[in-house]
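Visitor: Sharing a structure, written as structure tokens. Questions coming.
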Amino acid sequence: DARVTQTPRHKVTEMGQEVTMRCQPILGHNTVFWYRQTMMQGLELLAYFRNRAPLDDSGMPKDRFSAEMPDATLATLKIQPSEPRDSAVYFCASGIRDGTEAFFGQGTRLTVV
Amino acid sequence: KNQVEQSPQSLIILEGKNCTLQCNYTVSPFSNLRWYKQDTGRGPVSLTIMTFSENTKSNGRYTATLDADTKQSSLHITASQLSDSASYICVVSEGGANNLFFGTGTRLTVIP
């Protein structure tokens with residue numbers, strides 16, 4: 001059955017290390033979102049792509065975060081260097097252009113120590 | 001400023017009872033409003049989505065209402081089950097811009 005797949009599910013890393021999170025959107029979906037969820041802030045939109053082009057990444061700290069879609073089946077979110085305040089669950093979601101629905105992946109739980 | 005506020009922040013109810021969760025928003029222009037259920041450790045799953053012209057939509061024991069004039073929505077859960085224990089998130093989509101505004105959620109716990 002169609003689903004958004006994220007890897008890894010969990011990641012523990014030391015401060016200063018590079019972290020790469022991956023997302024495989026549902027086949028045929030042309031819009032991909034990256035969200036971060038913390039207890040304090042809830043869900044925050046980091047970036048989103050349409051047809052692989054970045055449309056909005058204003059929610060993302062530019063100095064350390066980068067998001068790309070090397071092809072239609074893979075979206076990546078990279079943090080370099082990572083900091084303890086980056087600890088959160090990162091969700092990827094995909095949808096179709098009209099924005100009526102967004103399907104979420106299971107998330108990557110990141111812990112930076 | 002576009003905002004989505006949910007209440008209560010958390011709720012505990014007995015199995016079998018009904019409950020209603022509230023969502024107030026100031027997002028304008030409005031496109032649609034969605035309710036998501038998020039189980040612990042999992043991604044959000046869509047329950048309902050309503051556009052401006054819809055004022056009620058049901059999905060099994062879940063019924064969502066929307067009053068676009070007062071910018072309020074509610075999610076009513078009937079005959080609650082233990083599996084309803086989750087966070088319920090209200091998400092409002094801004095018209096024309098594809099921006100999504102998230103509430104911080106209501107944490108529902110159903111106890112036997």
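Visitor: Which residues' amide hydrogens lie under 5 Å from the amide hydrogen of A:S87, considering only partners 5 or more residues apart or on another chain, with H built in the peptide plane?
Guide: HN-HN under 5 Å from A:S87: A:V112.
Visitor: With θ taken as phi - 60° and the coefficients 6.51, -1.76 and 1.60, list the Karplus ³J(HN,Hα) couplings across region B:33-50 in order, rounded to whole Hz; mark glycine and proline as x.
Guide: Each residue of region B:33-50 in turn: 10, 10, 10, 10, 10, 10, 6, 4, x, 10, x, x, 10, 5, 9, 8, 9, 10 Hz.
Visitor: Give me, ordered by chain and number, the residues 5 or more places off B:E15 or on other chains with an amide H under 5 Å from its own placed amide H.
Guide: Result for B:E15 returns B:I111.
Visitor: Can you give the direction-averaged projected area of the convex hull of the alpha-carbon atoms in chain B, in nm²? Before the final figure, lay out each step's value.
Guide: On the way: hull surface 26.3 nm².
Seen from a random direction, the Cα hull of chain B projects 6.6 nm² on average.
Visitor: If you don't mind, another one. Taking amide H atoms as placed 1.01 Å from N in the peptide plane, list the residues 5 or more away in sequence, or in a different chain, whose amide H sits under 5 Å from that of B:V27.
Guide: B:Q3
Laboratory data are not the source of any read-out in this text; all were calculated from the coordinates shown. Just so it is clear, the structure is predicted and the values come from calculations on it, not from any experiment.
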